[in-house]
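Below: the structure, in structure tokens.
The values are calculated or read from the model by the stated rules, or taken from the named source; none is laboratory data. This is a predicted model, so every value here is computed, not measured. Here the Cβ positions follow ideal geometry from the backbone for every residue, glycine too, while neighbour counts run over all protein chains shown. Please note that ligands, DNA and RNA were not included when accessible areas were found on the heavy atoms of the full protein model with its side chains. Shrake-Rupley method; radii C 1.70, N 1.55, O 1.52, S 1.80 Å.
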Amino acid sequence: MEKPIRVRFAPSPTGYLHVGSLRTALYNYLYARKTGGRFILRIEDTDRSRYVAGAVENLLNTLNAVGLNFDEGPGKEGTSGPYFQSQRLPLYRQHLQQLIAEEKAYYCFCKPDELEKMRSEQISRNQHPMYDKRCRNIKPREARARVEAGEEHVIRLKVPEEGAITFFDIVRGEVTFPWEMVDDQVLMKSDGFPTYHLANVVDDHLMEISHIIRGEEWLSSVPKHLLLYGCFGWTPPRLAHLPLLLNPDKSKLSKRQGDVSAEDFLKKGYLPEALINYVALLGWHTGSDREFYSLTELEKEFSLKRITKAGAVFDVEKLKWMNSWYIRNLPLENIVARAQPFLKAAGIAIQDTLLHQSVKLLRERVTLLSELPGVYDSFFGELNFDDEQEEIISQPGSQSIYRFWLEKLEEQKSWNESDLSSLVALTTTRLNVKGKNLYFPLRLAMIGQTHGPDLPALFEIIGRDNLIKRLQKCLR
Ligand code: GLU
């Protein structure tokens, strides 16, 4: 019988969520949703030297912000917790002891400087640097006595010395590694903590993970993992290794946080919808040309079969293009709500109708929400004109329009959009101007550019008093 589907995202909390990890999380999430399985979040925090304070909280916030809700994980206990590896140490110890007792793993007493010497000698002989297995020959009883006497040690896996291993990967098909390429992997470090390899295998088994979906950089670890499954007599999960992410020049995607961190993208004003949509297409396709998918649509469409083998280019320009589409096309309410923090931070304190109307107009002009305060400047900030604009403004025809408008605007205090439409019509008949001779000078005075929204719509946002000031500024 097929095992129930249980997948996991197993990040090491080292600071921020790389877009590659976001893709791993997303594909696991989508596979669980598509199949009615469970999505588990496991924090792989056994490497104390890489611990970063606040990283887990940051990770949880980011997953939540993009809508990847897990079924089991920190703060959401399920049947196979705890979900922090640092809280599972006795489990790893127990499994290590089993491997030692069955002589499938051994104590190694080599000191760091000895290992370093071994390594540099191998490199100078043009050999692939690997542990030379010298401690494998120590008799188990002698090794145990040395451990009991307090000698510093690690525990290593006994990897076969010849032959090869072949396994099946859902994305890559059949993959073979000769054992001579595989090191006697350290399973427990000298600080007593397990390495990733041991903890990962033990947990995937105990958490009853059915499919491992993760980045291609882990493919070369599969032989040791499968060896471990065999040592314990367990059936391994099925495997799917996702293609590498590349820079547009096809080099491996940068690790510079500012360029690749999911939370930084959100902070810069990329929408979660755009980020998820874009990342979903990095190595997966539906077979059609369609490019826009909501998370709910992805949950229905996703399949492991359509993951590609070739590296996927992460192109921030394409992401920006997608983001501007979402800014223009999501419900206005939604964009207004998300625009507010950016406007507030820039000291733009408009609200209610004005806020809605202005966002409605201005969302057409930005790629990122963080650009909104800048475009608001054209409504509320100081306008400066270049020579070409100055020429239009100072024409006698334009000057008459400005004077006529000032006169009319001063006549009454309260103005609405339809009053302004009437004023536009009146200007046409009284001054005998129309088309660009009418609109260009007025738009310039209002927003510092000749093209843009209708005058009455602009007026709604700018308001009478502000417009009076702006017209006065254009009198020559
Ligand atoms: N902790 C590993 C990472 O940070 C997990 C790899 C895996 O999914 O097995 O990527």
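Looking at LEU332, is it open to solvent by 10 Å² or more (accessible area, probe 1.4 Å) and closer than 24 Å to GLY448 by Cα?
no
What pairs can you find where one residue is in the range 100-112 and farther than 14 Å from LEU187 by Cβ, the other is open to solvent by less than 20 Å² (accessible area, probe 1.4 Å) and not aromatic (Phe, Trp, Tyr), and their Cβ atoms are less than 8 Å apart, with a gap of 6+ or different chains?
That search, which allows pairs on different chains as well, returns PHE109/CYS135; PHE109/ALA143; CYS110/MET118; CYS110/CYS135.
Can you run down the residue pairs with Cβ atoms below 9 Å, 6 or more apart or on separate chains, where the first is in the range 40-67 and aromatic (Phe, Trp, Tyr) and the partner is within 11 Å of the ligand (Cβ to nearest atom)?
Close Cβ pairs satisfying both conditions: TYR51/PRO13; TYR51/THR14; TYR51/ASP45.
Any idea how many residues of the range 338-357 are open to solvent by less than 60 Å² (accessible area, probe 1.4 Å) and either touching a residue at least 40 places away in the same chain (Cβ under 8 Å) or touching a strand residue (DSSP E or B) at 6+ places or on another chain (Cβ under 8 Å) (or both)?
3
Within the range 365-382, is even one residue modelled with pLDDT of 90 or more, surrounded by fewer than 16 Cβ atoms within 10 Å (Cβ to Cβ) and under 30 Å from LYS252 (Cβ atoms)?
No, that holds for no residue.
Starting from the range 182-197, keep only residues that are basic (Lys, Arg), then list their pairs with residues that are within 15 Å of the ligand (Cβ to nearest atom) whose Cβ atoms are within a distance under 8 Å, requiring at least 6 positions of separation or different chains.
Listed by first residue and then by second, the contacts come to LYS189/THR195.
With the requirement that a residue be out of contact with any Leu (no Cβ under 9 Å at 6 or more places or on another chain) and either closer than 18 Å to GLU72 by Cβ or away from the ligand (no atom under 11 Å from the Cβ) (or both), what does the range 5-14 give you?
Those that are out of contact with any Leu (no Cβ under 9 Å at 6 or more places or on another chain) and either closer than 18 Å to GLU72 by Cβ or away from the ligand (no atom under 11 Å from the Cβ) (or both): ILE5, ARG6, VAL7.
Being in contact (Cβ under 8 Å) with a residue 40 or more places away in the chain and open to solvent by 60 Å² or more (accessible area, probe 1.4 Å) is the filter; apply it to the range 383-403 and report the residue that is farthest from ILE462 (Cα to Cα).
So the residue we want is GLN395.
Quick check on the range 37-61: of everything there that is in a loop (DSSP other than H, G, I, E, B) and over 23 Å from GLU208 (Cβ atoms), which residue is modelled with the lowest pLDDT?
Filtering the range 37-61 for residues that are in a loop (DSSP other than H, G, I, E, B) and over 23 Å from GLU208 (Cβ atoms), the one modelled with the lowest pLDDT comes out as TYR51.
Quick test for you: out of THR35, THR24, pick the one residue that is within 13 Å of the ligand (Cβ to nearest atom) and polar (S, T, N, Q).
THR24
Scan GLU208, GLU174, GLU180 and give me the residue that is more than 16 Å from the ligand (Cβ to nearest atom) and farther than 30 Å from CYS135 by Cα.
So the residue among GLU208, GLU174, GLU180 that is more than 16 Å from the ligand (Cβ to nearest atom) and farther than 30 Å from CYS135 by Cα is GLU174.
Just to check your reading of the model, which residue among GLN94, GLN85 is loosely packed, with under 15 Cβ neighbours inside 10 Å and either of a type outside the set (A, V, I, L, M, F, W, C) or free of Cβ contacts under 8 Å to residues at least 24 places away in the same chain (or both)?
GLN94
Considering ASN28, ASN64, which residue is assigned to a helix (DSSP H, G or I) and more than 21 Å from ILE209 (Cβ to Cβ)?
Details: ASN28 fails: more than 21 Å from ILE209 (Cβ to Cβ).
Result of the check over ASN28, ASN64: ASN64.
Which condition breaks for PHE39 when tested against (1) touching a Leu at 6+ places or on another chain (Cβ under 9 Å); (2) open to solvent by 10 Å² or more (accessible area, probe 1.4 Å)?
With respect to (1) touching a Leu at 6+ places or on another chain (Cβ under 9 Å); (2) open to solvent by 10 Å² or more (accessible area, probe 1.4 Å), PHE39 is out only on (2).
Checking ILE170 against (1) open to solvent by 40 Å² or more (accessible area, probe 1.4 Å); (2) over 21 Å from LEU228 (Cβ atoms); (3) touching a residue at least 40 places away in the same chain (Cβ under 8 Å), which test does it fail?
Every listed condition holds for ILE170 apart from (2).
Of all helices (runs of 4 or more DSSP H) completely enclosed by the range 203-297, which ones contain at least 2 residues that are free of Cβ contacts under 8 Å to residues at least 12 places away in the same chain and under 23 Å from SER80 (Cα atoms)? Explain how you work it out, then say what you get.
Working: elements: 222-232, 257-260, 262-267, 272-280.
In the range 203-297, there are no helices (runs of 4 or more DSSP H) which contain 2 or more residues that are free of Cβ contacts under 8 Å to residues at least 12 places away in the same chain and under 23 Å from SER80 (Cα atoms).
Against the condition within 26 Å of ILE170 (Cα to Cα), open to solvent by less than 50 Å² (accessible area, probe 1.4 Å) and more than 15 Å from the ligand (Cβ to nearest atom), how does PHE265 come out, does it pass?
No.
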